Amino acid sequence: GPWSAAGSRWPPATDRVIGAEEVVVVDVIGAHRGYHFDVNRTFGRPELDPDARAIAEIVETATRGAVDACRAGATVDSVYQAAARVFGNSPFAEFAGPMSGHGIGLETVELPYIRAGDHSPLEPGMVLCIEPGIFIPGRGGAVIEQEVIIQPDGPPEVITPTPMRMW
């Protein structure tokens, strides 16, 4: 519902019933043996509102594009731009988040922040959380996060074990 547009903010406790047509965004964060993990997923029932479904599908496409851009030697900006191109061709472009992810490791959120203008190169062994999102205040949003390891050659290794599509 509307709280799915809040990005990384936690909603207050409430007895509000989630409507069958609304999405639910879940962010699972933790650590294992000193290394952090962070996985965002957007859930919805078959009755999902058509706009909510469209938002989730656009976010899924943007996430896939940004993940594919995660290659050794590419820049942080090029990963951001891969998601931004998808959002820019959608009716929800103005609601795209200003970041499309971050580094992760000994802390949950580390540099680099995946945002426009950062021309730092991606290096083999870097671990990134790729999470472009759309956030429409008071209405809803979607985020799908994939953790990846930059490989010396070719596409990144995706280490997130859960399916991307949960609607």
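The values are calculated or read from the model by the stated rules, or taken from the named source; none is laboratory data. Just so you know, these numbers come straight off a predicted model, no measurement behind them. Note that we place each Cβ from the backbone using ideal geometry, even for glycine, and neighbour counts take in every protein chain shown. Only protein heavy atoms, including side chains, enter the accessible area calculation; ligands, DNA and RNA are left aside. Shrake-Rupley method; radii C 1.70, N 1.55, O 1.52, S 1.80 Å.
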Would you calculate the separation in nanometres between label points at Val26 and Asp118, each defined as 7 Å from the Cα along the Cα-to-beta-carbon direction?
2.8 nm
Taking H as built 1.01 Å from N, whose amide H comes closer than 5 Å to the amide H of Ala74, not counting residues under 5 places away?
Leu122
Taking the chain as a Gaussian network, Cα atoms linked when under 10 Å apart, which of Ser120, Ser78, Ser100 shows the biggest mean-square fluctuation?
Ser120
Using a 1.4 Å probe on the protein heavy atoms, what percent of the accessible area of the chain belongs to carbon and sulfur?
57 percent
Using DSSP to define loop residues, name the GluC sites (Glu not before Pro) in region 103-167 whose beta-carbon has at most 14 other beta-carbon atoms within 10 Å.
Glu107
Spin-label proximity, Ile18 to region 129-164 - amide N less than 16 Å from point 7 Å beyond Cα toward beta carbon
139-145, 163-164
Here the FRET efficiency for Leu106 versus Glu47, based on Cβ atoms and R0 = 41 Å and rounded to 0.05, is 0.45
Heavy-atom accessible area per residue - region 30-167, 1.4 Å, Å²:
48 Å²
Cα centre as origin, Lys/Arg/Asp/Glu Cβ charges: the chain dipole, Debye
140 debye
Relative contact order %, the chain, counting alpha carbon pairs below 8 Å whose residues are six or more apart:
30 percent
Would you mind putting 91-99, 159-167 in packing order, based on average other-beta-carbon counts within 10 Å, highest first?
91-99, 159-167
Can you give me the distance in nm between label points at Asp68 and Ala93, each placed 7 Å from the Cα along the Cα-to-Cβ direction?
2.0 nm
